1. Just want the answer: with Cβ charges of +1 for Lys and Arg and -1 for Asp and Glu, which residue in 116, 195, 155 is farthest toward the dipole's positive end in the chain?
2. To test your reading of the geometry: what angle, between 0 and 90 degrees and rounded to tens, separates the Cα axis of helix 2-15 from the longest principal axis of the chain?
3. Students often get this wrong, so check it: of 52/180; 47/208; 38/229; 111/190, which have C-alpha atoms separated by over 19 Å?
4. Report the relative contact order of segment 22-229, percent, no decimals, based on alpha-carbon pairs under 8 angstrom and at least 6 residues apart.
5. Return the sequence-ordered ³J(HN,Hα) values of segment 127-134 in whole Hz as given by the Karplus equation 6.51 cos²θ - 1.76 cosθ + 1.60 applied to θ = phi - 60°, using x for Gly and Pro.
6. Could you pull out the pairs from 126/158; 39/170; 64/158 whose alpha carbons sit more than 19 Å apart here?
Amino acid sequence: MRFALLLVLTAAALSAAPSMGLKPIWEENFDGKELDPKKWNSSGAVKLVDGKLSLEITSAVGGKPGFWAGSAVNTNGKFDSMQGYFEASIRMLQTKGRWADFSVRNADMGKIPAAAMSFTTSGNDKIDTTLWFADETGSHNMTPKTSPVAMVNGASYKKFHTYGLQWTTKSYIFFVDGRKVQSMDRPSPKEPMHIAFGHNLPEGGLLKDFMNPAMGPEPLQVDWVKAYKIP
């Protein structure tokens, strides 16, 4: 009986979300009518719709067919933190042609060592775990050749999933729905990081699959964001 109980407790510990046992220090639920400027910097068409952050793609100035403008938000200078765990509930992109990301990053990527860790999607269930790292030897893109995030049959865009980024004194760890999917050991920057979301376009902003200025692609949606401090 004790052995069976131990197995249950061990399984529960292994499946527990990484936020358990950490100290909550910041959160955003997007419950207001507009984005809180005390918490966020923003660019482009950023809206709050039904209690969710919506990063829109809008027709470029002049309404030229096929050309669009992206949007982004970040907490740089408003919430910056040293090592911790950062998570967000996100509905990813369905259609291709652009990309979106959830990142925790240094503001000054030239002050080495510096890092930016992120989940990046280019639509259709393709989600990459990326660590961009700069040190005395130069800049390094640590994106795995094969994504460790298993999303199929529209799982990433049909509903919201929890994506977590953990930064420790020696590691960068990625979680999806409380499950660790990737870990990379690299030196830790000495400067704090901030949270960022972006909905980005190719150079020039041309989307050949969206030529009608009145019918753009779907937004990136974020339900909530939380940050925790490592004890």
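1. 155
2. Computed tilt is about 30 degrees.
3. Values: 52/180 25 Å; 47/208 25 Å; 38/229 21 Å; 111/190 9 Å.
52/180; 47/208; 38/229, as the Cα separations exceed 19 Å there.
4. Numbers: 537 pairs, mean separation 69.1, N = 208.
It comes to 33 percent, rounded to a whole number.
5. Calculated HN-Hα couplings, in order: 10, 10, 9, 10, 10, 9, 10, 10 Hz.
6. 39/170; 64/158, as the Cα separations exceed 19 Å there.
FYI, it's all coordinate maths here, none of it is from the lab. Because the structure is predicted, anything quoted here is derived from the model rather than measured. We place every Cβ from the backbone using ideal geometry, glycine too, and count neighbours over all the protein chains shown.
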